[in-house]
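Read through the structure below, which is laid out as structure tokens, and then see the notes.
The values are calculated or read from the model by the stated rules, or taken from the named source; none is laboratory data. Everything numeric here is computed off the predicted structure, so don't read it as measured data. Neighbour counts are summed over all protein chains in view; Cβ atoms, including those assigned to glycine, are modelled from backbone coordinates with ideal geometry. The area values use the complete protein model at the heavy-atom level, side chains included, leaving out ligands, DNA and RNA. Shrake-Rupley method; radii C 1.70, N 1.55, O 1.52, S 1.80 Å.
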Amino acid sequence: MDAYYHSDKILLEKIIQDLEKSSSTDKTDDIIIVKGWLESLKEDEEEPDIEVRNALKDRVFNIPDLNKEKLTLFCNFMDFYDLDSNVMIARKAIIKFISSNETEIQEVLLAMLANLLCLSIKEDNYNYVEYLVTSSEKLPLKPQFFFYKDMICFYKYLSSYHFNHNKDDLNTCLTIISNVKLAEMSEYGSELEKFLNNHI
């Protein structure tokens with residue numbers, strides 16, 4: 001996770017090599033997941049590893065019930081699905097878990113909503129923004145949720161700017177980016193800045 005949030009492809013490659021040398025019996029699953037993180041860092045113009053993407057999608061669909069494990073796996077690799085599939089799975093998760101009082105479930109739901117907002121804007125599809133933001137507002141604010149709530153806020157104001165070009169919305173997005181960088185997530189903040197510049 002640390003390597004991913006720092007966009008450290010070299011460290012992720014090293015983790016894969018270490019896992020391959022490992023004598024762990026369940027290393028195959030771990031290798032696929034780390035390869036998935038590496039795959040998630042690819043730029044749009046880079047060649048996707050279809051085998052890795054399909055293996056992760058199969059893992060999600062091979063878990064029979066929509067539970068925390070399946071939701072977490074789905075959340076981590078949502079960018080491997082098309083938007084309609086993402087929305088379909090997300091709606092099921094929201095219906096099932098939105099009233100849950102379990103902190104871990106709430107956190108995964110918020111991460112999923114933030115990811116889906118990002119993917120929707122990336123595809124220039126604003127049809128789901130209001131539903132996703134409204135769903136996120138039904139979940140409480142707890143200290144460990146701050147990052148996800150902050151990201152949802154970013155996408156909410158970026159969407160608003162898309163429609164009304166209000167400078168206040170843009171300034172709010174810039175403030176969020178600044179806060180992310182101040183929190184020593186400079187690589188993530190730079191990616192967010194790039195995202196903002198591509199969608200204003």
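Sequence-distant contacts, meaning Cα pairs under 8 Å at least 6 residues apart, place the relative contact order of the chain at 16 percent. Between rounded, prolate and oblate, where does the stretch 135-200 land on the alpha carbon gyration tensor, with a ≥ b ≥ c its root eigenvalues, rounded for a/c under 1.5, else prolate if a/b exceeds b/c? Note, shape of the stretch 135-200 comes out oblate. Label the stretch 5-80 by shape, choosing from rounded, prolate and oblate, from the square roots a ≥ b ≥ c of the eigenvalues of the Cα gyration tensor; if a/c is under 1.5 it is rounded, and otherwise prolate applies when a/b is larger than b/c, oblate when it is not. Oblate. Among the listed pairs Lys21/Lys68; Lys149/Lys181; Lys42/Lys70; Lys27/Lys149; Lys9/Lys122, those with a Cα-Cα distance over 27 Å are Lys21/Lys68; Lys27/Lys149. Under 1.5 on a/c is rounded, so check that first for the stretch 95-193, then, if it is not, pick prolate when a/b is larger than b/c and oblate when it is not; a ≥ b ≥ c are the square roots of the alpha carbon gyration tensor eigenvalues. Oblate. When you restrict to C-alpha pairs under 8 Å that are six or more residues apart and normalise by the size of the stretch 1-87, the relative contact order lands at 23 percent. I'd like to know which of Ala55, Met88, Tyr5 lies farthest towards the positive end of the charge dipole of the chain, counting +1 on Cβ of Lys and Arg and -1 on Cβ of Asp and Glu. About the Cα centre, the residue reaching furthest to the positive side is Met88. When a 1.4 Å probe is rolled over the protein heavy atoms, the share of accessible surface on the stretch 78-135 that falls to carbon and sulfur comes to 46 percent.
Placing +1 on each Lys and Arg Cβ and -1 on each Asp and Glu Cβ, with no other charges, gives the stretch 45-158 a dipole about its Cα centre of roughly 640 debye. Simple point charges give the picture: +1 on the Cβ of Lys and Arg, -1 on the Cβ of Asp and Glu, and for the stretch 102-176 a dipole about the Cα centre of about 120 debye. Projecting the Cα atoms of Ile32, Asn101, Asn115 onto the charge dipole of the chain (Cβ charges, centred on the Cα centre) puts Asn101 farthest toward the positive pole. Given DSSP loops and a limit of at most 16 other Cβ atoms within 10 Å, what is the longest stretch of the chain that contains no such GluC sites (Glu not before Pro)? That would be 124-183.
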